[in-house]
Amino acid sequence: GAAYLTAHVARLRAQNPATVVVSAGDLTGASPLLSNLFADEPAVLVMNRLGLDIEAVGNHDFDRGLPELMRLQRPGCSLGDCDAGTFAGASFEYLAANVIDLSTGRTILPAYSVRDVGGARVAFIGETLTQTPSVTKLGVVAGLSFADEAATANALVPELQRQGVSAIVLLLHQGGMQTLGGTYDGCEGFSGDIFPILAELNPAVEVVISGHTHQAYDCLVGGRLVTSAASYGRVVTQIDLTIDLATHRLVDKHARNVPVTRDVAPDAEVTRIVQAYEGRARSVTGRIVGYVKKNLTGNARAARVASCETPLGDVIADAMRASTGADIAFMNPGGIRADLGAKLEGRADFAVTYGDVFEVQPFGNPLTTMTLRGAQILALLEAQFGSRQEPRILQVSKGFSYRYTYDRPRERGFVSEARLHGKPIEPTRAYRVTVPSFLAGGGDSFAVLRTGEDLTSGAMDVDALTSYLGRATSAAAPLDPPAGGRIAGDGCK
């Protein structure tokens, strides 16, 4: 869809030449296979063609570490190999106001960019979420610190005002969410980790363009315009700012989210870029690895499952356990990036390809197996709740089950009846548990997993799933969605 996204941006820009195109992060990392196979050079080249001006780095932009993020900004040999051609590097500007290199005490990238737009000076501050280390692979952000978002932005306001800016826009890789059924242009039941940041921001920051939660919304929160453009290029937010050039004041602001439809002519150059990489990747992406009878969703809200258990989460956890022979496997729901289904593009019925599976698990996490006592497993389950606005329910392998209740006002969950093959989990008994390496390092605030013992490393997560599908399915016997019922609870009501 990149060629259609580019066409829509070009159409919107043509309506008003006084336009800046910005992103609130995660243009690279956790990406579809076609970009990921080539270290996200394709994503950068597409953004160059689209005319992106500024990106605030997001947590996934650090997935391959700071050196690789810096490499993507510079022209040079493609993937270090000049025989493969040259790479143009990013033509847009990266910002990271709250990311500090501990060895120098300085920001790794510029904190802000001031642009002359239609005769007005507009400042853009770029930030990622302070929790980036807890939602990123262990080690890739070593040596970096992530400062408080509101305090960092507020400290820059006097400096920007001395430069005579007429408006300050914060590009923030943190966000919120609406209640189920909210429209693209609204903030129905709006909640999330962005709220404490908004409450502390200097009123001079009148526009916040947010990300991270993959939601679409736009509205005024306490008089401040707050927007988000969903994910994967499905939406473009058009923001109109009216500035009085005589007084250098922002006098009006509003936004609307524009769906990226396919009733426009796709951009020819982006089409060429995508097709070129498709040709290079086809031998990998097109390999059939298994068969599924129905679409398997990993989105608990889309599945309307009150407990937050999903069919795809069950399958992934089963594949992890089968790969390592552990007693129990846990999968983090944020690591499931797409649904899995047979798209039937000239394939045999029910066939899924390596490319399909990679879209589901694009992180390249090795599986880690460890020994945990029953009490640690119970602590892990309790850690799914608290310190966040929504519970983050781990997906579990067949044979393990438990029940919980969620006290939403107090953000507390209470776990009971945890069993393995029908027998209660014993607090002092040792169990072998498999998780993605991201979780093993304490990712998503599951710090108890850092206390596991006798750690062993296994297959990559995507390879475990493809192997499982290859063994458990065939064209004559495609995989049915699991029956569920492993988790009973009310966290996704």
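Taken together, the values in this text are just the output of simple stated rules run on the coordinates, not laboratory data. The structure displayed is predicted, hence computed values, not measured ones. Please note: Cβ atoms are built from the backbone with ideal geometry, for glycine as well, and neighbour counts cover all protein chains shown.
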(request) Quick one: which residues, 5 or more positions from residue 206 or on another chain, have an amide H under 5 Å from its amide H? H modelled 1.01 Å from N in the peptide plane, none for Pro or chain starts. (result) 168
(message) I'd like the Karplus ³J(HN,Hα) series for region 2-17: coefficients 6.51, -1.76, 1.60, θ = phi - 60°, whole numbers in Hz, and an x wherever there's a Gly or Pro.
(response) 4, 5, 6, 4, 4, 5, 5, 4, 4, 5, 5, 5, 5, 6, 8, x
(message) List the residues, sorted by chain then number, that are 5 or more residues from residue 249 or on another chain and whose placed amide H is less than 5 Å from its amide H.
(response) 244
(message) Explain nothing, just compute: Karplus ³J(HN,Hα) = 6.51 cos²θ - 1.76 cosθ + 1.60, θ = phi - 60°, for every residue of region 76-83 in order, whole Hz, x for Gly and Pro.
(response) x, 6, 4, 6, x, 10, 5, 5
(request) Report, in debye and to the nearest 20, how large the dipole of the chain comes out about its Cα centre when Lys and Arg carry +1 and Asp and Glu carry -1 on their Cβ. (result) 880 debye
(message) Report for region 163-272 the percent antiparallel among DSSP-assigned beta bridges with both residues inside it, nearest 5.
(response) 65 percent
(request) Would you please give the residues with an amide H less than 5 Å from that of residue 258, counting only those at least 5 places away or on a separate chain, with H modeled from the backbone geometry? (result) 236, 237, 238
(request) With a 10 Å radius around each residue's Cβ, average the other Cβ atoms per peptide and rank 366-375, 411-420, highest first. (result) 366-375, 411-420
(message) Let me check against my output: what whole-number percent is the relative contact order of the chain, with C-alpha pairs under 8 Å and at least 6 apart?
(response) 14 percent
(message) So for the chain, if I pair up every lysine 8 or more residues apart or on another chain, how many of those pairs have alpha-carbons under 28 Å apart?
(response) 10
(message) Along the Cα→Cβ direction, 7 angstrom out, place labels at residue 349 and residue 179. What is the inter-label distance in nm?
(response) 4.3 nm
(request) Take peptides 36-45, 215-224 and line them up by average Cβ neighbours within 10 Å, highest first, as a rough protection proxy. (result) 36-45, 215-224
(request) Specify which residue in the list 133, 91, 60 is farthest towards the positive end of the charge dipole of region 33-164, using unit charges on the beta carbon of Lys, Arg (+1) and Asp, Glu (-1), about the Cα centre. (result) 91
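Go through 305-317, 450-462 and give me the packing order, highest mean Cβ count within 10 Å leading. Don't jump to the answer; show the numbers that get you there.
Working: 305-317: 25.1, 450-462: 15.5.
Those peptides, ordered most packed to least, come out 305-317, 450-462.
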(request) Using the Karplus curve 6.51 cos²θ - 1.76 cosθ + 1.60 with θ = phi - 60°, work out ³J(HN,Hα) for each residue of region 64-74 in order, rounded to whole Hz, and write x for Gly and Pro. (result) 9, x, 4, x, 6, 4, 5, 4, 5, 7, 10
(request) Have a look at the DSSP beta bridges in region 49-134 and tell me what percent are antiparallel, nearest 5. (result) 75 percent
